[in-house]
Amino acid sequence: VWLEPVAEKHILNVKSVPDIDNNRVSVEVASAETNYTDIYEVAVMDGAKTIGTAKASAGQPVDIAVPNAKLWSPDSPFLYDLKVSLISNGKTTDQVDSYFAMRKVSSKRDEHGIVRLQLNNKDLFQFGPLDQGWWPDGLYTAPTDEALKYDIVKTKDFGYNMIRKHVKVEPARWYTHCDRLGILVWQDMPNGDRSPRWQMHEYFSGTELKRSPESEANYRTEWKAIMDFLYSHPSIVCWVPFNEAWGQFKTPEIVEWTKAYDPSRLVNPASGGNHYTVGDMLDLHNYPQPNLYLYDAQRATVLGEYGGIGLALEGHLWATDRNWGYVQFKNSKEVTDEYVKYGEQLYTMIKAGFSAAVYTQTTDVEGEVNGLMTYDRKVIKLEEDRLREINQKICNSLNK
């Protein structure tokens, strides 16, 4: 918990939206107890060098030019600093430091007619693990900041360029580590309520869940709050409002609202099933091996979950008597052989139409022993050099 005394007139939030095509960044500053006579000043910094400044009345956005912008990517995660001052009657009443990145998220049809995900106007195959963010000593809470950062560092060491943060919202600190280290994030909405009938292999033809007014209002309030909370983190490139039909309702309406509220990012409407022709991608789940069993010619087609190769290591288990993986093997070499086999299969499917993929999963979680690492993070269960080699081949598959 962070407590800090503030002046009556103070800054509440800083929201930044980069525009690399026009070499500028838009900044909105939310403040408390201000009126039209109060102003704020925003300075964009590259280290100690001031790139540009702008002033505006409280409540008004500003655009600041960022010439010859240094673009943010997993290979070069450059961050610009922001200094924001709130000025009332010529006196600075509050001042905060922040940061932003110049980067663009989009999709575009390639020369073969396949819709590809793009970063900074270039095709990029996004590939990473399903990350549930669980810890044996704190469950949803990491023991230290170093531990929080460790999973991201290892994900990059393993050769991935993306993380799917699965049905969990992390502290802002986690996303700051992603921003600084350079890794893309797909952010799930943690869903409650019941599920309608789940269809994986065809577009949804059933009846959607009808939530109670209270349940629907809760979803909308929390989803907006999550997006507001994380809006300015450049690492987040995709919002995922529904997963495997859990609590899924009014899909076209929710997706349309999500895209309108944040037009700067992609929206994965329904990961793993109950598909609608809305949003930016069609997301398939298949275990254990990758499989391209449905294809969308108008949006990107992605493999939102696959893998789940299990290896139970004695001395590193949450429960000794009930451990589960989609397939189970006896040692690291066997697991790595299977992982590489699936990786080579995935690689061939990229040319056929896949534009991103998510492997299950970063670490073991209680009875699930299909992690790349054990639950206690003490053992990397695959042969790391071979893991990195195939992952880098996949991530670089669309490089020209």
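The values are calculated or read from the model by the stated rules, or taken from the named source; none is laboratory data. In this text, all values refer to a predicted model and were calculated from it rather than measured experimentally. Here Cβ is always computed from backbone atoms with ideal geometry, including for glycine, and neighbour counts include all displayed protein chains. Each accessible area value is taken on the protein alone, full model and side chains, heavy atoms only, with ligands, DNA and RNA left out. Shrake-Rupley method; radii C 1.70, N 1.55, O 1.52, S 1.80 Å.
For residues in the stretch 290-318 being part of a loop (DSSP other than H, G, I, E, B) and small (Gly, Ala, Ser), which is nearest to Gly113 (Cα to Cα)? Reasoning before the result, please.
First, the residues of the stretch 290-318 that are part of a loop (DSSP other than H, G, I, E, B): 290-299, 308, 311-318.
Retained after the next criterion (residues that are small (Gly, Ala, Ser)): 297, 308, 312, 315.
On the way: Ala297: 8, Gly308: 31, Ala312: 43, Gly315: 50 Å.
Going through the qualifying residues, I end up with Ala297.
Restricting the search to strands (runs of 3 or more DSSP E) fully inside the stretch 58-144 and requiring at least 2 residues that are farther than 21 Å from Arg180 by Cα gives 62-65, 80-88, 91-100, 105-109, 115-119. Condition (residue is part of a helix (DSSP H, G or I) and farther than 26 Å from Leu117 by Cβ) applied to the stretch 319-331: is it met by at least one residue? No, the stretch 319-331 contains no residue that is part of a helix (DSSP H, G or I) and farther than 26 Å from Leu117 by Cβ.
Residue pairs whose Cβ atoms lie under 7 Å apart, separated by 6 or more positions or on different chains, with the first residue in the stretch 335-354 and closer than 11 Å to Pro290 by Cβ and the second charged (D, E, K, R) and in a helix (DSSP H, G or I), are Tyr347/Lys393.
The residue that is least open to solvent (accessible area, probe 1.4 Å), among those in the stretch 93-126 that are closer than 29 Å to Glu28 by Cα and among the acidic types (Asp, Glu), is Asp94.
Given the options Thr50, Thr34, name the one that is in contact (Cβ under 8 Å) with a residue 40 or more places away in the chain, more than 23 Å from the chain's Cα centre (by Cα) and open to solvent by 30 Å² or more (accessible area, probe 1.4 Å). Full working, then the answer.
Numbers: Thr50 fails: in contact (Cβ under 8 Å) with a residue 40 or more places away in the chain.
Of Thr50, Thr34, the one residue that is in contact (Cβ under 8 Å) with a residue 40 or more places away in the chain, more than 23 Å from the chain's Cα centre (by Cα) and open to solvent by 30 Å² or more (accessible area, probe 1.4 Å) is Thr34.
As for the stretch 193-213, it holds no residue that is of a type outside the set (A, V, I, L, M, F, W, C) and within 17 Å of the chain's Cα centre (by Cα).
Matching residues to (1) over 30 Å from Leu398 (Cα atoms); (2) surrounded by 22 or more Cβ atoms within 10 Å (Cβ to Cβ); (3) among the polar types (S, T, N, Q):
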residue: Glu146; (1), (2), (3): yes, no, no
residue: Tyr150; (1), (2), (3): no, no, no
residue: Phe158; (1), (2), (3): no, no, no
residue: Leu184; (1), (2), (3): no, yes, no
residue: Ser195; (1), (2), (3): yes, no, yes
residue: Gln199; (1), (2), (3): yes, no, yes
residue: Thr207; (1), (2), (3): yes, no, yes
residue: Lys210; (1), (2), (3): yes, no, no
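Considered as a group, the residues in the stretch 241-278 that are assigned to a loop (DSSP other than H, G, I, E, B) and of a type in the set (Ser, Thr, Tyr) include one that is least open to solvent (accessible area, probe 1.4 Å), and that residue is Ser264.
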